[in-house]
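Reviewing the structure listed below.
Read-outs: derived from the displayed coordinates by stated rules, not from any lab. On a predicted model such as this, the values are computed, not experimentally measured, just so you know. FYI the Cβ positions are ideal-geometry reconstructions off the backbone, even for glycines, and counts take in every protein chain you see.
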Amino acid sequence: MDRQAVYIYKLPDEESFTGIALDVHMHKGNLRYFDTNRGHEIPGKIIEETEKGFAFISEGYMPGEWQFKVLTIEEFKRKYYKLVEGGQTLAAKINTTEDLHQWYRREFII
């Protein structure tokens, strides 16, 4: 888990990744993240971790397995730009995953 990375996430029983999460980290048995609107704190545990993401078992809100994966510039340009106001313009200007993650951290002061 990389606190500087931007993740997309999929909730239990959902077909696709539908949310964006920033500042993702564990704190005292809770997963904490910011979804560009507000912060969240969900009790649970990490059950698997890779370079590309992790799986989390929620023991609170939406119990079950949540999937998180690092949002890449390719995925952002293909699909997830639609979740951001001005996302099409942003997708045209930014060329790397690191630049995309820096933009999110600057824009949402993370």
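How far apart, in nm, are the 7 Å Cα→Cβ label points at ASN37 and ARG78?
Label at ASN37, label at ARG78, 2.6 nm between them.
Give LYS10/LYS52; LYS45/LYS77; LYS45/LYS82; LYS10/LYS82 a once-over and call out the pairs whose C-alpha atoms are over 19 Å from each other. Show your work: numbers first, answer last.
On the way: LYS10/LYS52 14 Å; LYS45/LYS77 31 Å; LYS45/LYS82 30 Å; LYS10/LYS82 17 Å.
As for pairs spanning more than 19 Å Cα to Cα, those are LYS45/LYS77; LYS45/LYS82.
Stretch GLU98-ILE110 to full length: gain in nm at 0.36 nm per residue minus the Cα-Cα span? Display every interim value, and only then the final one.
Working: separation 12, 0.36 × 12 = 4.32 nm, distance 1.46 nm.
Gain in length upon complete extension: 2.9 nm.
Taking 0.36 nm per residue of sequence separation and subtracting the Cα-Cα distance, how much length would be gained by fully extending the chain between LEU11 and ALA55, in nm to one decimal? Please list the in-between numbers first.
Working: separation 44, 0.36 × 44 = 15.84 nm, distance 1.03 nm.
Roughly 14.8 nm would be gained on extension.
Please report how far the C-alpha centroid of segment 1-42 lies from that of segment 48-78, rounded to the nearest whole angstrom.
For segment 1-42 versus segment 48-78, the Cα centre distance is 7 Å.
Which residues among segment 53-82 fall inside the zone where the amide N is under 12 Å from a point 7 Å beyond the Cα of LYS45, along Cα→Cβ?
Once the point is set 7 Å along Cα→Cβ of LYS45, 57-59 turn out to lie under 12 Å by backbone N, inside segment 53-82.
Using the Cα gyration tensor of segment 1-52, with a ≥ b ≥ c the square roots of its eigenvalues, what is the shape: rounded (a/c below 1.5), prolate (a/b larger than b/c) or oblate (neither)? Walk me through the numbers on the way to the answer.
Details: a/c = 1.25, a/b = 1.12, b/c = 1.11.
Rounded is the answer for segment 1-52, as its axis ratio a/c remains below 1.5.
Quick check on the chain: take the gyration tensor over C-alpha atoms, sort the square-rooted eigenvalues as a ≥ b ≥ c, and tell me if it's rounded (a/c under 1.5), prolate or oblate. Mind dumping the intermediate values first?
Numbers: a/c = 1.92, a/b = 1.69, b/c = 1.14.
Here the chain falls in the prolate category.
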